[in-house]
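Worksheet: the structure to be examined is printed underneath.
The values are calculated or read from the model by the stated rules, or taken from the named source; none is laboratory data. If you're wondering where the values come from, they're calculated on a predicted model, not measured in any experiment. Here the Cβ is made from the backbone with ideal geometry for all residues, glycine too, and neighbour counts use every protein chain on show. SASA here: full protein model, heavy atoms, side chains in, ligands and nucleic acids out. Shrake-Rupley method; radii C 1.70, N 1.55, O 1.52, S 1.80 Å.
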Amino acid sequence: TYNSGMFTTNENLSYPDMNTTLGFYAVYPYDSSYETPYFTFAAQTDQSTHAGYTQSDLMTASNTGRDEEVVNLVFNHHLSKVVLNISSTNLPAGTPSVTFKNVFNEVEADLAKNTFNSIGLSTDIKASPNGSNSFKVIVAPQAIKKGSVLAEIAIGKNTYKWEVEKDLVLASGIE
């Protein structure tokens with residue numbers, strides 16, 4: 001359990017040998033199936049809610065420790081955040097919604113090598129509101145080709161497409 005900057009447990013934990021260096025890994029969001037440093041993670045396809053968005057933000061930390069010393073864990077983001085700001089003086093009436101099209105949302109994680117590679121099939125992801133006429137989404141690292149439709153914006157009865165103007169690389173840990 002994480003509370004006030006410290007992880008605690010109700011279980012009695014101890015080092016197997018005081019001279020042994022151990023590796024510590026932490027993953028957010030937590031999933032009990034992550035028993036090894038290798039796992040598959042999928043960002044939510046509906047990130048339009050706070051819960052859907054935050055449960056898509058894969059973060060990990062790792063460090064080593066020995067002799068019951070305090071082990072500091074610094075978390076890093078491993079997927080890519082895309083922000084879309086809608087700017088126009090002629091928007092139709094209605095509340096905008098954004099869906100990112102044909103993007104990868106799943107990664108194969110290897111914490112030992114600190115790699116997070118896209119896998120699986122592309123999918124559509126509903127974006128999260130990010131302020132007035134702004135939307136955000138978390139996706140797997142990937143390359144988007146020039147001319148690809150990256151997002152559809154729905155306002156009232158109108159739908160608009162956002163095409164990528166040049167090749168785009170969505171890298172791990174980058175906004």
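Remarks
- Cα centroid separation - region 12-48 against region 121-175, whole Å: 30 Å
- Largest GNM mean-square fluctuation across ASN105, ASN133, ASN90, computed for the chain with C-alpha springs under 10 Å, falls on ASN90.
- Looking at the chain, the accessible area is 63 square angstrom per residue; that uses a 1.4 Å probe and ignores ligands, DNA and RNA.
- Listed by chain and number, the aspartates and glutamates placed with their C-alpha closer than 17 angstrom to that of LYS146 are GLU163, GLU165, ASP167; residues fewer than eight positions away on the same chain are left out.
- Spatially proximal lysines relative to LYS126 (Cα-Cα < 20 Å; intrachain offsets below 8 disregarded): LYS81, LYS101, LYS136, LYS157, LYS161
- The residues neighbouring GLY52, those whose beta-carbon lies less than 10 Å from its own, together hold a net charge of 0 under the Lys/Arg +1, Asp/Glu -1 convention.
- Rounded to whole numbers, the Karplus 3J(HN,Hα) couplings from phi for region 90-95 are 10, 6, x, 5, x, 8 Hz, using 6.51 cos²θ - 1.76 cosθ + 1.60 with θ = phi - 60°, and x at Gly and Pro.
- In plain terms, the chain is cut at each of the trypsin sites (Lys or Arg not before Pro) found in a DSSP loop with at most 16 other Cβ atoms within 10 Å, and the longest leftover piece is 1-65.
- Ligands, DNA and RNA left out, the accessible area of region 1-85 computed with a 1.4 Å probe is 47% carbon and sulfur.
- Here the relative contact order of the chain, from alpha carbon pairs under 8 Å that lie six or more residues apart, stands at 23 percent.
- MET6 accessible area, 1.4 Å probe, all protein chains in place, Å² to nearest 10: 110 Å²
- All Cα pairs of the chain, percent lying beyond 21 Å: 56 percent
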